[in-house]
Amino acid sequence: MRHITIALALAAATLPAFAAQTVKATVNGMVCAFCAQGIEKRLSKMDSAKEVFVDLKNNTVAVEAKEGKTLDQKAIAAEIADAGYDVVKMEASAQSVTEIKVQIKGRK
């Protein structure tokens, strides 16, 4: 039992104090910079959104939560749909928006 407690304590010590909550969506229908800007503007107005990233080439939208806030995937999907676009896939991500940007730009 003591070994398990020590192992859990060591594992907890290696975790970051705050892991950013990010929602990553695949969105169809975005064809121009105006499309991307419209989605980014709508999602940035959400109370829980800290940062928003839209990548046209990869049909990706990423929203990072403000510290202490939780993102509502249904609300994000509704905002995107209300703007006239189709949400194909939505997933939670442990990566920050900055990390997602670096990853996507590294593929180009």
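None of the figures in this text is laboratory data; all of them are computed from the coordinates on show. In this text the structure is predicted, and so the values were computed from the model without any measurement. Backbone-built Cβ (ideal geometry, glycine too); neighbour counts: all protein chains shown.
The table that follows gives values for the structure above.
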quantity: Selection from segment 81-108 of residues that are aliphatic (A, V, I, L, M), closer than 11 Å to GLU64 by Cα and surrounded by 13 or more Cβ atoms within 10 Å (Cβ to Cβ); calculated: VAL97, ILE100
quantity: Residue, farthest from GLN21 (Cα to Cα), within segment 70-86, restricted to residues that are of a type in the set (A, V, I, L, M) and under 14 Å from the mean Cα position of the chain (by Cα); calculated: ILE80
quantity: Output for segment 85-108, where each listed residue is in a helix (DSSP H, G or I) and without any contact (Cβ under 8 Å) to a residue 60 or more places away in the chain; calculated: THR98, GLU99, LYS101, VAL102, GLN103, ILE104, LYS105, GLY106, ARG107
quantity: Residue in segment 34-52 that is of a type in the set (Val, Ile, Thr), surrounded by fewer than 18 Cβ atoms within 10 Å (Cβ to Cβ) and assigned to a helix (DSSP H, G or I) present; calculated: no
quantity: Out of ALA92, ALA77, sole residue that is under 17 Å from GLU40 (Cα atoms) and of a type in the set (A, V, I, L, M, F, W, C); calculated: ALA77
quantity: VAL63 among the β-branched types (Val, Ile, Thr), under 13 Å from the mean Cα position of the chain (by Cα) and not in a helix (DSSP H, G or I); calculated: yes
